[in-house]
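Enquirer: Sharing a structure below in structure tokens format, with a few things to ask.
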Amino acid sequence: MANDKSKTVDPTATETTNVDYSNWTEEQINFAPYWKPAPGKWFSGTLTDVDLRDPKFIRYQFQSLETIECHRGPGDESNDRHEKVMVHAGEKFSISVYKALENIFSDYLAVPFPVQVRVDVIRKDKTADGKDFWKLGAKVPPDTSKKLAEYRKAKAMKGAAKARPSLEG
């Protein structure tokens, strides 16, 4: 059996196998590269999940619709220890949880259909106490907008029905 021609040898393993893995696609298993905002930048993608693996570093996960510049390494903007990487259409990337997007992204994750979104950076601003924040905008395609409106209406109607007192004695 040691010289069985029907088996292939995986060069990275010490085991023999009956499966040819040479055309298999590598999966992304580490933290996805992260997108960093800057005035005038934008990205488009399908929101897929929230990465909760590190409670101090919660990220929204996207599947990119276009090629965008992202980063790997420490996310602290004050250092240069991160590397730039290009994320191509279909690949995963992540973004920080920005207050401007938090509610709408929670809404997108709750719907029973995928939501494609374009996020635009409008400007960097300051809060009343002097902290920086990003002014962001979000757009969805017309068909998604219609589906979201229908979903929100149905959800509101269901909530209103629950809140209404029963007419039965």
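The values are calculated or read from the model by the stated rules, or taken from the named source; none is laboratory data. Small disclaimer: the values here were computed from a predicted structure and weren't measured. Every residue, glycine among them, receives a Cβ derived from its backbone with ideal geometry; neighbour counts consider all protein chains shown.
Enquirer: Taking into account only those residues within the stretch 55-72 that are exposed (fewer than 15 other Cβ atoms within 10 Å of the Cβ) and either free of Cβ contacts under 8 Å to residues at least 12 places away in the same chain or hydroxyl-bearing (S, T, Y) (or both), which is nearest to L109 (Cα to Cα)?
Expert: Of everything passing the filter in the stretch 55-72, P55 is nearest to L109 (Cα to Cα).
Enquirer: Also: Inside the stretch 49-65, can you point out the residues that are aromatic (F, W, Y) and over 8 Å from the mean Cα position of the chain (by Cα)?
Expert: Selection gives F57 alone.
Enquirer: Related question: Regarding the stretch 106-114, can at least one residue be identified that is of a type in the set (A, V, I, L, M), touching a strand residue (DSSP E or B) at 6+ places or on another chain (Cβ under 6 Å), at pLDDT 90 or above and surrounded by 15 or more Cβ atoms within 10 Å (Cβ to Cβ)?
Expert: Scanning the stretch 106-114 turns up no residue that is of a type in the set (A, V, I, L, M), touching a strand residue (DSSP E or B) at 6+ places or on another chain (Cβ under 6 Å), at pLDDT 90 or above and surrounded by 15 or more Cβ atoms within 10 Å (Cβ to Cβ).
Enquirer: Still on this structure, please answer the following. Considering only residues that are free of Cβ contacts under 8 Å to residues at least 12 places away in the same chain and among the hydroxyl-bearing types (S, T, Y), which ones fall in the stretch 106-134?
Expert: S106, T127
Enquirer: Can you spot a residue in the stretch 99-118 that is under 30 Å from K146 (Cα atoms), over 13 Å from the mean Cα position of the chain (by Cα) and among the acidic types (D, E)?
Expert: yes
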